[in-house]
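Okay, so here's the structure we're looking at.
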Amino acid sequence: MELLNIMGSFSEQMTEFWSLLIRFGFNAVAATFVVILYSRISKRKEFYFSYFAISIAVFLLVFLLESVTLELGFALGLFAIFGIIRYRTDAIPPKEMTYLFVIIAVSVINALSEDHVGYFGLALVNILLIGTLGALEKVLLMRQEDSLQVIYENIENIHKDKEVELLKDLENRTGIKIKRYQIDKIDFLRDVARITIFFDVNSSKKKI
């Protein structure tokens, strides 16, 4: 009887072990694709390590505590904790925080998904999440607008009748196709103006 209990316990442990490996594989692949998507729109490589490390840590933490009765509350608590994180250097920008939230979401989903969902269902959830994220990045990046503030010294071009000359001069100097601009401040004593120019991200990358 004791031998049967030992064998049954060993069988359960092996089942849990293989479940851990498979789910860890799902999570590693999903996290890799999320980081690849992030790397296409940002060159801040210091976040690559952070995303992978947080993904692994959250996945293992949630998976090993899956038997705790506070499953949903625990998961939401992780979102709340990481959502208010501010590293001691600079505050995390909104874009990086969004990807951090996605990384945590993927890790929690892969660790806490019920067995009846199945691995095919889990794979589908990961594909849908990452696919939607990639599609949003592609669509929104095409229309993403950025701005740049410049100090302009050709004060004579600030005149309303010389908008064409002003735009042409700014585009020649910056190499950016400008959509619109706004004059923030004019200093007639120093003969300079502070101008904010607005441009499409994609078009500026092609021009530069």
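Using only the Cα atoms of segment 145-207, each taken as one equal point scatterer with no solvent, compute I(q) by the Debye sum, divide by I(0), and report log10 of the ratio at q = 0.13, 0.17, 0.20 Å⁻¹.
-0.32, -0.54, -0.73
Pairs Lys138/Lys179; Lys95/Lys160; Lys95/Lys179; Lys95/Lys162; Lys138/Lys162: which are spaced more than 31 Å apart, C-alpha to C-alpha? Please report the intermediate quantities before stating the final value.
Working: Lys138/Lys179 20 Å; Lys95/Lys160 37 Å; Lys95/Lys179 23 Å; Lys95/Lys162 38 Å; Lys138/Lys162 37 Å.
Checking Cα-Cα distances, Lys95/Lys160; Lys95/Lys162; Lys138/Lys162 exceed 31 Å.
No lab work stands behind these numbers, since they all come straight from the coordinates. Small disclaimer: the values here were computed from a predicted structure and weren't measured.
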